[in-house]
1. Please indicate, with yes or no, whether at least one residue in the range 54-72 is of a type outside the set (Ser, Thr, Tyr), part of a helix (DSSP H, G or I), outside the structural domain of Val190 (by TED's automatic domain parsing) and within 15 Å of ligand 2 (Cβ to nearest atom).
2. Considering only the range 82-97, state which residues are near ligand 1 (Cβ under 10 Å from one of its atoms) and over 16 Å from the mean Cα position of the chain (by Cα).
3. What pairs can you find where one residue is in the range 1-28 and assigned by TED's automatic domain parsing to the domain that holds Gly42, the other is within 16 Å of ligand 2 (Cβ to nearest atom) and among the acidic types (Asp, Glu), and their Cβ atoms are less than 6 Å apart, with a gap of 6+ or different chains?
4. I want to confirm something. Restricting to the range 192-219 and keeping residues that are in a strand (DSSP E or B) and within 10 Å of ligand 2 (Cβ to nearest atom), which single residue is surrounded by the fewest Cβ atoms within 10 Å (Cβ to Cβ)?
5. Taking the condition of being away from ligand 2 (no atom under 16 Å from the Cβ) and buried (at least 24 other Cβ atoms within 10 Å of the Cβ), how many residues in the range 13-22 meet it?
6. Just one of the numbered conditions (1) under 30 Å from Val190 (Cβ atoms); (2) loosely packed, with under 15 Cβ neighbours inside 10 Å; (3) not charged (D, E, K, R) is not true of Asn35; which one?
7. Could you say whether any residue in the range 241-250 is open to solvent by 30 Å² or more (accessible area, probe 1.4 Å), over 19 Å from Gly224 (Cα atoms) and not in a loop (DSSP other than H, G, I, E, B)?
8. When both residues are 6+ apart or on different chains and their Cβ atoms are under 9 Å apart, which pairs have a first residue that lies in the range 109-124 and is farther than 22 Å from Val242 by Cα, and a second that is within 16 Å of ligand 2 (Cβ to nearest atom)?
Amino acid sequence: MSDSPILVTGGAGFIGSHLVDALLAKGYAVRVLDNLSSGKPGNLPLENPRLELIVGDVADAALVLRAVAGCQAVAHLAAVASVQASVDDPVSTHQSNFVGTLNVCEAMRQHGVKRVLFASSAAVYGNNGEGLAIDEDTPKAPLTPYAVDKLGSEQYLDFYRRQHGLEPAIFRFFNIFGPRQDPSSPYSGVISIFIERAQQGLPITVFGDGEQTRDFVYVGDLVGLLLRALELPVLEVGAANVGLNRATSLNQLLAEIAGVLGGLPQVTYVAARAGDIRHSRANNQRLLSRYGFPEPTPMAMGLAQLLAH
Ligand code: NAD
Ligand code: UD1
């Protein structure tokens with residue numbers, strides 16, 4: 001294994017910090033570039049001498065060029081993860097979610113770094129799933145600036161693949177959950193919000209009738225997948241969905257949480273959020289055939305890990 005680091009952009013965040021832990025555990029050196037807008041230094045084992053944290057912005061091209069220098073590969077996870085934040089402030093989130101990706105591509109080209117993992121999103125499909133399992137060839141219908149920026153980022157990565165030999169592994173994450181997902185904003189991941197409020201005995205709000213569905217993936221399972229993609233000798237072209245082909249409604253999720261906690265506080269149903277996707281479920285055949293996906297962590301076990309955190 002080469003001693004040159006893996007750069008993890010967004011490495012102080014929820015998913016990124018789990019990837020950093022896994023990389024360090026496998027013996028890699030790791031460099032994190034994160035502006036700490038939602039990530040936290042406390043998510044990182046900063047005492048580990050094989051970990052370097054650069055606090056800065058992926059929209060800063062000169063900084064990204066310095067951060068990529070000497071790295072053997074990049075995991076590009078930095079982005080404003082809240083879809084709603086992109087609706088409220090498209091100009092600012094575009095800097096992180098799109099310009100940041102272009103800067104990473106260009107810095108990799110200049111330094112001759114080839115392998116890059118990219119965190120795209122199921123959001124690129126908009127409502128085109130219509131409740132069926134969505135495969136990667138489903139027409140794209142990005143409904144928000146977040147989704148437009150993810151799709152544009154995918155296309156830039158593909159341009160750099162064709163033109164400059166980059167080796168992108170593009171993943172369209174469905175809904176990832178687990179410890180360190182920050183519940184502090186109303187637009188945080190639903191599981192992190194429900195668990196925090198249930199633990200504190202605070203009322204829970206469901207937007208809509210609770211019958212909307214998501215395909216939830218435990219963060220530990222995702223990280224195993226990212227490691228495999230990093231180490232595969234040859235990557236196939238085109239994005240892969242990351243989901244379990246399993247639809248869980250919010251009402252089912254609440255029942256699971258009640259089962260793990262032994263009860264629930266008051267649950268109130270209010271109007272659905274404008275533009276909210278009704279059903280989202282991954283066809284994951286491509287994921288399974290390319291990367292494999294060992295037995296996924298059951299929802300109840302993932303929730304228990306989250307509670308123990
Ligand atoms: P997160 O907010 O915990 O992590 C994002 C990290 O990026 C944070 O540490 C943040 O400080 C950092 N960041 C944001 N803008 C930056 C910038 N301009 N420069 C440098 N750092 C910046 O969210 P997460 O859930 O861990 O998301 C990680 C990635 O996965 C994101 O790209 C997100 O869009 C994508 N994703 C997440 C989900 C999910 O369900 N959590 C689903 C699909 C895609
Ligand atoms: C999530 C991710 C997004 C990713 C997408 C891919 C976050 C914050 N968002 O968006 O980055 O690209 O998956 O599939 O990680 N809800 C409630 N009550 C609440 C909070 C939410 O009812 O208190 C509802 C929402 O209205 C929605 C569902 O729960 O119907 C899921 O919401 P959320 O966790 O924000 O996820 P997505 O919008 O699917």
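1. Taking the range 54-72 as the starting set, the residues that turn out to be of a type outside the set (Ser, Thr, Tyr) are 54-72.
In the following step, the residues that additionally are part of a helix (DSSP H, G or I) were identified as 61-68.
Filter again for outside the structural domain of Val190 (by TED's automatic domain parsing), leaving 61-68.
Imposing the further condition that a residue be within 15 Å of ligand 2 (Cβ to nearest atom) reduces the set to none.
No, because not a single residue in the range 54-72 is of a type outside the set (Ser, Thr, Tyr), part of a helix (DSSP H, G or I), outside the structural domain of Val190 (by TED's automatic domain parsing) and within 15 Å of ligand 2 (Cβ to nearest atom).
2. Of everything in the range 82-97, those that are near ligand 1 (Cβ under 10 Å from one of its atoms) and over 16 Å from the mean Cα position of the chain (by Cα) turn out to be Ser92, Gln95.
3. Filtered contacts from the range 1-28: no entries.
4. Thr205
5. Residues flagged as away from ligand 2 (no atom under 16 Å from the Cβ) and buried (at least 24 other Cβ atoms within 10 Å of the Cβ) within the range 13-22 amount to 1.
6. Of the numbered conditions (1) under 30 Å from Val190 (Cβ atoms); (2) loosely packed, with under 15 Cβ neighbours inside 10 Å; (3) not charged (D, E, K, R), the odd one out for Asn35 is (2).
7. No, there is no match, as no residue in the range 241-250 is open to solvent by 30 Å² or more (accessible area, probe 1.4 Å), over 19 Å from Gly224 (Cα atoms) and not in a loop (DSSP other than H, G, I, E, B).
8. The qualifying pairs do not exist here.
The values are calculated or read from the model by the stated rules, or taken from the named source; none is laboratory data. Here the structure is a predicted model, which means the values were calculated and not measured. Glycine also receives a Cβ, built like all others from the backbone with ideal geometry; neighbour counts cover every protein chain displayed. Ligands, DNA and RNA are excluded from the accessible area calculation, which covers all protein heavy atoms including side chains. Shrake-Rupley method; radii C 1.70, N 1.55, O 1.52, S 1.80 Å.
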